[in-house]
1. Are any residues in segment 29-56 surrounded by fewer than 10 Cβ atoms within 10 Å (Cβ to Cβ), of a type outside the set (Phe, Trp, Tyr) and closer than 23 Å to THR90 by Cα, and if so, which ones?
2. Hey, can you tell me all the residues within segment 1-57 that are among the aromatic types (Phe, Trp, Tyr) and modelled with pLDDT under 85?
3. How many residues does segment 18-43 contain that are more than 16 Å from the ligand (Cβ to nearest atom) and touching a Lys or Arg at 6+ places or on another chain (Cβ under 8 Å)?
4. In segment 44-87, what residues are more than 16 Å from the ligand (Cβ to nearest atom) and either in contact (Cβ under 8 Å) with a residue 60 or more places away in the chain or within 21 Å of MET1 (Cα to Cα) (or both)?
5. Output yes when any residue across segment 4-17 is under 30 Å from VAL81 (Cβ atoms) and among the β-branched types (Val, Ile, Thr), and no when none is.
6. I'd like to know if segment 70-85 contains one or more residues that are farther than 21 Å from GLN17 by Cα, surrounded by 10 or more Cβ atoms within 10 Å (Cβ to Cβ), of a type in the set (S, T, N, Q) and out of contact with any strand residue (DSSP E or B) (no Cβ under 7 Å at 6 or more places or on another chain).
7. Using the structure shown, decide if ASP38 is on the phi < 0 side of the Ramachandran plot, within 14 Å of the chain's Cα centre (by Cα) and without any contact (Cβ under 8 Å) to a residue 24 or more places away in the chain.
Amino acid sequence: MKVFKQVKLLYKKLVYQKTICDRCGQEINRDGSYDKFDCTLSLREGRSFPEGDFSTIKTMDLCQKCGNTLFNSLEKEGYKVHECDYDAYTERINV
Ligand SMILES: [Zn+2]
């Protein structure tokens, strides 16, 4: 869950503050270190037309511990989890 605070400007705008794990409630630190972990799960459903989008999206942000627990649980339930190095992944999603 991404947490925003409201800042008073000439208009109200949501400003990103932090990301909290949607399972355990711990703050997910993305402090720019060399260690990388990102687990954002999303599901988008609906229809999208040139006139407008009529879809909804469900999202979940998870810390490293809860993200690994979720993926391990999914694998045990029979979901196929794909693993590769990040450079290969970004090449694949940019096709
Ligand atoms: Zn967590």
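The values are calculated or read from the model by the stated rules, or taken from the named source; none is laboratory data. Quick caveat: nothing in here was measured; it's all calculated off a predicted structure. FYI the Cβ positions are ideal-geometry reconstructions off the backbone, even for glycines, and counts take in every protein chain you see.
1. ASP31, GLY32, SER33, ASP35, LYS36, SER42, LEU43
2. TYR11, TYR34, PHE37
3. Residues that pass the stated criteria total 2.
4. ARG44, GLU45, SER55, THR56, ILE57, LYS58
5. Looking through segment 4-17, none of the residues is under 30 Å from VAL81 (Cβ atoms) and among the β-branched types (Val, Ile, Thr).
6. Scanning segment 70-85 turns up at least one residue that is farther than 21 Å from GLN17 by Cα, surrounded by 10 or more Cβ atoms within 10 Å (Cβ to Cβ), of a type in the set (S, T, N, Q) and out of contact with any strand residue (DSSP E or B) (no Cβ under 7 Å at 6 or more places or on another chain).
7. Taking the combined requirement at face value, the residue satisfies it.
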